[in-house]
Structure formats: C-alpha cells, structure tokens
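Below is one structure, written out as structure tokens; the observations come after it.
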Ligand code: 13P
C-alpha cells in the first residue's frame, strides 16, 4: 500500500487563539493518554509568542511544534516579521505557509509562498504548503486548475530530493471554519489529483509517493477516520478541533491507526 511510503501528519492550526499561559494545562490533557503511531507526526502550529511555552510543554512528549507563517527574508529591516532562522533557533520543526487566510488577508502570492518554502527548507523546517479553491472557483469547475497552479508555483525550483520532505495541505476555502466538510470523495479526488500532478508534471511517482498530502477544512473527531481512510489523504490540518485537547488527541489516535 502506497501509504507506507510517507508519514501521516496530524497537525493542529491554532490560528490566533489561546494564550501562552494556557499551554501547560492544554498539553497535560492532550498528552495524558496519547497514542502517536510509528509513521505518524503529531504537530501543533501555534502563534509566534506561544512557541517557547509550547516547546517547553511538548518536551519529552511525541508532539512537535510548528509555526503558522515565516518571513521570506533572511534578516534585517522588516518590522513585525519572523525569520526561518528565528524559528529554527526555537526548535520549530514545521511551518504552515500559504494558508488561505494569509493569501486573502495579507495578499500573499504564489511567488511569495515559493520564497517562504525555500527559506524553510534552508533551515531544515518542514513546510506545510496550503492550497485550495474558493466556492466560486469550485462552482465554476476551476478547482483542479487553481490547485495545480498553486502546487506548481510552490514547488518551483525545488529538487525532487527536497520535495520529499514537504507536506501539502489541501484546504478548500469553503470548508474552512464553516462546519461544511468536503465529502471524503471530494477531498480524495483533489488529493489524488495533486499526487498525480506532482508525479507526472513536476517530479516522478517515487517522489510524489513520498509526499504527505493532508486535508483541512472542518475536520473533527467524528469525520476524521473516514477522511484518513482515503488512499491519498495522509493526515489533516485541523483548526477549530485542535483547540480541544481531548478531541485532538482522538484525531491523533485515528491517525496512528492509519499510519
Ligand atoms: P477548521 O478546521 O477550523 O475548519 O480550519 C481549517 C484550517 O484552516 C486549518 O488550517
């Protein structure tokens, strides 16, 4: 089975929620009886100021820490920005880039996402690259064109060897925070399209088979097992449900069964 070639990644995206002071209690509940599979990564992507508290609370647990964005610049006069070097220095292992909220509210282009991907690779941080279409684009039959353009641009100039360490997250915008999950068939269709696109248009099947492709959008403790059972869905990028430690633990457990 193809899934043995890649990791299952269950990643929480806390977005702009929670406080550093709440992290120890959250982690105590999350890790009380946590099962993380051998081929699985459990990750929490938290706001920048919460990273030290999360690193401290995750020490000695299987939970890895991620950020939600990074500057494309190395260093210098970029007020408010955070560099990949700073994230690496804090021991961050993963970083979300190109989330639809950043594309929409901060005008992030495909080219910028590609630059961010490269600064992360240079520092040994695993990028979680988000792609996905809006409802208007889906209704207009443009889903696959939009997603392939985003994937193509994100991986521009990245070698096959580097690509194997990258995680892609398919997050249809209409499913984010709406309670309207893509059906497992809809999610599988696009995730399998991304894998085929990476195999045939960008790299090759060996490389593509090693890339974890996640689904994100109203994924929760109830619907995750069915989504994870799909052939090309290798995990989830989870917003709201990752703020609830018991529910997030159950999703990590579901991932361990799939890993
Ligand atoms: P929700 O799980 O809250 O829909 O958010 C998904 C998301 O955007 C994760 O990055």
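Please treat every number below as a calculation from the coordinates, not as lab data. Computed from a prediction, not measured in an experiment: that's the story for all the values here. Note that each Cβ is placed from the backbone with ideal geometry, even for glycine, and that neighbours are counted across all protein chains shown.
Calculated on C-alpha atoms, the gyration radius of the range 1-154 divided by its Kirkwood radius gives an Rg/Rh of 0.99.
Remark: spin-label model distance residue 192-residue 106 equals 3.5 nm, labels positioned 7 Å along the Cα→Cβ axis. On the principal axes of its alpha-carbon atoms, the range 77-186 has extents of 42, 32, 23 Å, going from largest to smallest. Shown is the FRET efficiency for residue 17 and residue 90, computed with R0 = 25 Å from the Cβ-Cβ distance and rounded to the nearest 0.05: 0.80. Comparing Cα centroids, the range 44-84 and the range 191-211 end up 29 angstrom apart. Springs join every pair of Cα atoms under 10 Å in this Gaussian network model of the chain, and among 164, 195, 180 the largest mean-square fluctuation is at 180. Over the C-alpha trace of the range 114-255, radius of gyration and Dmax come out as 14.7, 41 angstrom.
Taking the square root of 5 times each eigenvalue of the Cα gyration tensor, what semi-axes in Å does the equivalent ellipsoid of the range 1-89 have, largest first? If you can, show how the numbers build up before the last one.
Working: eigenvalues 130, 72, 21 Å².
Here the semi-axes work out to 26, 19, 10 Å.
Out of every Cα-Cα pair that the range 72-113 contains, those further apart than 12 angstrom amount to 66 percent. Spin-label pair residue 140-residue 180: with each label point 7 Å from Cα along the Cα-Cβ axis, the two points sit 1.7 nm from one another.
Whole number please: convex hull volume per residue, Cα atoms of the range 54-94, in Å³.
On the way: hull volume 2.9 nm³, N = 41.
Spread over its residues, the Cα hull of the range 54-94 gives 72 Å³ apiece.
The label-point distance for residue 152 and residue 122, in a model that sets each label 7 Å from Cα toward Cβ, rounds to 2.6 nm.
Using a Förster distance of 22 Å, how high is the FRET efficiency between residue 38 and residue 222, based on the Cβ-Cβ distance and rounded to 0.05? Please list the in-between numbers first.
On the way: r = 25 Å, r/R0 = 1.15.
That pair, residue 38 with residue 222, gives E of 0.30.
From the C-alpha gyration tensor of the chain, pull out the three semi-axes of the equivalent ellipsoid (sqrt of 5λ each), sorted largest to smallest, in whole Å.
Ellipsoid semi-axes (Å, largest first): 25, 22, 18.
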